[in-house]
1. Among the residues of the stretch 1-56, what is the count of those that are closer than 14 Å to Ala67 by Cβ and outside any strand (DSSP E or B)?
2. Within the stretch 73-91, is there a residue that is small (Gly, Ala, Ser) and assigned to a loop (DSSP other than H, G, I, E, B)?
3. Kindly establish whether Arg15 is at negative phi, open to solvent by 30 Å² or more (accessible area, probe 1.4 Å), touching a residue at least 12 places away in the same chain (Cβ under 8 Å) and of a type outside the set (Ser, Thr, Tyr).
4. Please specify each residue of the stretch 3-29 satisfying the condition of being of a type in the set (Gly, Ala, Ser) and at pLDDT below 95.
5. Taking Val25 as meeting all but one of (1) farther than 16 Å from Thr76 by Cβ; (2) exposed (fewer than 13 other Cβ atoms within 10 Å of the Cβ), write down the number of the exception.
6. So, in the stretch 50-92, of the ones that are basic (Lys, Arg) and over 12 Å from Ala24 (Cα atoms), which residue ends up most open to solvent (accessible area, probe 1.4 Å)?
7. Take Val45 and decide whether it is more than 20 Å from Met87 (Cβ to Cβ) and open to solvent by less than 30 Å² (accessible area, probe 1.4 Å).
8. May I ask you to list the residues in the stretch 65-75 that are closer than 14 Å to Pro39 by Cα and of a type outside the set (Lys, Arg)?
Amino acid sequence: MTASLNLAGRHAVCRTCKASIVWAVSAKTGTSMPIDYSPSPKGNVLLQMDRGQLVAAVLTARQLAGARANGAQLRTEHHATCPDAAMYRRQR
């Protein structure tokens, strides 16, 4: 089983829906992304510390199965759960 991640001091609040979130750096793009603070059984984001920085990896289906089998605490990207997410989407 995976040890739980200590997010003490990293708690933030969504500006619009007021949900508890944490900000992490995307492992893929290096940009900041909001992540729901609490783990979710439907989550697909693995948070890890890397040299003092909170890093978020969005898992593939294969990775997801392995992470769940190992007891990882997965979270959800906040844009997937925020009722106001459309406000933050970039126009293309």
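The values are calculated or read from the model by the stated rules, or taken from the named source; none is laboratory data. Bear in mind the structure is a predicted one, so any value in this text is a computation, not a measurement. As a convention, Cβ positions derive from the backbone with ideal geometry for all residues, glycine included, and neighbour counts pool all protein chains shown. Just the protein is used for accessible areas: all its heavy atoms, side chains included, with ligands, DNA and RNA removed. Shrake-Rupley method; radii C 1.70, N 1.55, O 1.52, S 1.80 Å.
1. To start, the set of residues in the stretch 1-56 that are closer than 14 Å to Ala67 by Cβ comprises 1-5, 27, 39-48, 56.
Next cut, outside any strand (DSSP E or B) only: 1-5, 27, 39-44.
Residues flagged as closer than 14 Å to Ala67 by Cβ and outside any strand (DSSP E or B) within the stretch 1-56 amount to 12.
2. Restricting attention to the stretch 73-91, the residues satisfying the condition of being small (Gly, Ala, Ser) are 80, 85-86.
Next, only the ones that are assigned to a loop (DSSP other than H, G, I, E, B) stay: none.
Within the stretch 73-91, none of the residues are small (Gly, Ala, Ser) and assigned to a loop (DSSP other than H, G, I, E, B).
3. Working: at negative phi: yes; open to solvent by 30 Å² or more (accessible area, probe 1.4 Å): yes; touching a residue at least 12 places away in the same chain (Cβ under 8 Å): no; of a type outside the set (Ser, Thr, Tyr): yes.
In short, no.
4. At the first step, the residues of the stretch 3-29 found to be of a type in the set (Gly, Ala, Ser) are 3-4, 8-9, 12, 19-20, 24, 26-27.
The answer is Ala3, Ser4, Ala8, Gly9.
5. Failing condition for Val25: (2).
6. Within the stretch 50-92, the first condition is being basic (Lys, Arg), and the residues that meet it are 51, 62, 68, 75, 89-90, 92.
Adding the requirement that they be over 12 Å from Ala24 (Cα atoms) leaves 51, 62, 68, 89-90, 92.
Details: Arg51: 220, Arg62: 207, Arg68: 110, Arg89: 145, Arg90: 214, Arg92: 269 Å².
Here the answer is Arg92.
7. Values: more than 20 Å from Met87 (Cβ to Cβ): yes; open to solvent by less than 30 Å² (accessible area, probe 1.4 Å): yes.
In short, yes.
8. Just the residues of the stretch 65-75 that are closer than 14 Å to Pro39 by Cα, to begin with: 67-68, 71-75.
Result: Ala67, Gly71, Ala72, Gln73, Leu74.
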